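Have a look at the structure below, then the notes.
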Amino acid sequence: MTNPYTPNAGAEPQAVVGRDDQLESFDLLLARIEAGRTEQSMIITGLRGVGKTVLLGQFRTKALARDWVVVELEVSKNDEADFRRDISSRLRTALFQLSPKAKWTDRFRHAAAVLKSFTVSVDSAGTWSAGLDVEAAEGFADHADLALDLTDVLLAVGEAASERDRGVVLLFDEVQFLNKEQLEAVIEALHKMVQRKLPITMVGAGLPQIAELAGDAKSYAERLFKFPAIGMLASGDAREALARPAMDEGIEYHEAALTTAVELTGGYPYFLQELGYAVWTVAEGPTIHEDDVRAAVPGYETKLDESFFRVRLDRATELQRAYLRAMAQLGPEPQKASVVAEAMGPERSSENLGPTRAELINMGLLYTPEHGYAAFTVPHFDRFILRAIPELVVPPLKRRPRRKNPD
Ligand SMILES: Nc1ncnc2c1ncn2[C@@H]1O[C@H](COP(=O)(O)OP(=O)(O)O)[C@@H](O)[C@H]1O
Ligand SMILES: [Mg+2]
């Protein structure tokens, strides 16, 4: 029997549980746009491993079933040229999905020409617009301003889609990696779609700080988007996430086994999959007992430590590790910068540690749930750090060479 659990990033679980609200909101969003109305779009927020990418995958399936064109993009830290390339290559595909080239009308040819303009500044050879067979549309998407240019592109594609009575949904994953300019551009362009009632929308997913980043970017971001947070599964859902895949294979979980498993994992989807997977490997009978769950724990923890947790710590410098260690010993809750600094000894202050904290945020290890506080982006990371770094060792302060008096 193959193991029915899916402990991999983005892997669609056999049972997608506990996400009915978000799935319903998504249906509603598409239905309203189809009816020519406007609706607040959404950016799903949550820690690593809670199922954001899986949820976007569910949205994709739903959108395709309603005959929408889906544009998927996993944002990475990249420069403007890469961003333009990624967007344009995907929107080019979207244009072809909206209509085969043989049937293109003027609107489609115009959209293609605007797309070409969009990349011309960063791709003079025209490789990214290959197959469009158009000249760049002068005066469109060539303002050397990402927000203006992206707005032109979405307007043109939106009008083409509207002509075919189809919608286009952009599904952006890891949106916290959009830089300020990119985020502002996306928000501004989408704002225009809403104003013009064009059938393009964007649904995103990212780490929790995105709500704050978006708020900073443009005050109307809050009107454009809801920021539903997803996290650990409620106990009943967590039990189902484990029991259902087993049931499908004719294996039953004992109630006490489920209770223990939910306790161990805190109901976090990724941890549930990883534990389910480990239990499946050790269990023998047609019923899974609490003992089987307990027996799976060492394998489960080793796997988590070595894959999920460790990779995040491996990239950290000595000082960054010390910062994480200090935070971990303070507990799993968000921690105040000044309190972490204090835990790091008399030599360190929160100003002095500001850059370290910023680096950790930038690396995606920490986020700021509210001003002055930082928290781990990975559930149970504090426990891991305490296991992985048994002692807090703060590297000595590197003093800057003292500047001589000017006179
Ligand atoms: N609703 C769910 N029910 C059960 N398991 C889930 C659910 N959503 C995600 N998972 C599992 O959790 C893990 C993490 O999912 P993923 O979407 O990659 O999380 P994120 O993108 O938030 O980091 C995967 O192993 C996936 O199979
Ligand atoms: Mg993800």
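Computed from the coordinates by the stated procedures, all read-outs in this text should not be read as laboratory data. The model shown is predicted, which means the values in this text are computed figures rather than measured ones. Neighbour counts are summed over all protein chains in view; Cβ atoms, including those assigned to glycine, are modelled from backbone coordinates with ideal geometry.
The table that follows gives values for the structure above.
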quantity: More than 14 angstrom apart: percent of Cα pairs within segment 119-166; calculated: 59
quantity: Estimated [θ] at 222 nm from DSSP helical runs (n ≥ 4, -39500 (n - 2.57)) normalised by residues in the chain, nearest 500; calculated: -16000 deg cm²/dmol
quantity: Neighbour cut-off at most 10 other Cβ (10 Å), DSSP loop, trypsin sites (Lys or Arg not before Pro), segment 1-81; calculated: ARG37
quantity: Stretchable slack from GLN40 to SER124, in nm (0.36 nm times residue separation minus alpha-carbon distance); calculated: 26.5 nm
quantity: Set of lysines with alpha-carbon distance to LYS197 below 16 Å, sequence-local pairs under 8 removed; calculated: none
quantity: Two-site label geometry, ASP21 and ASP216: point separation in nm, points 7 Å out along Cα→Cβ; calculated: 2.7
quantity: Cα gyration tensor category, rounded, prolate or oblate, for segment 315-388 with a/c compared to 1.5; calculated: rounded
quantity: Protection-proxy order for peptides 130-138, 224-232, 199-207, each taking the mean of Cβ atoms within 10 Å per residue, highest first; calculated: 199-207, 224-232, 130-138
quantity: Lysines with Cα under 19 Å of LYS192, excluding same-chain neighbours fewer than 8 positions away; calculated: LYS180, LYS218, LYS226
quantity: Base-10 log of normalised Debye intensity for segment 20-226 (one unit scatterer per alpha-carbon) at q = 0.11, 0.17 Å⁻¹; calculated: -0.47, -1.18
quantity: Aspartates and glutamates whose Cα lies under 14 Å from that of LYS398, excluding same-chain neighbours fewer than 8 positions away; calculated: GLU318, GLU347
quantity: Relative contact order %, segment 111-241, counting alpha carbon pairs below 8 Å whose residues are six or more apart; calculated: 21
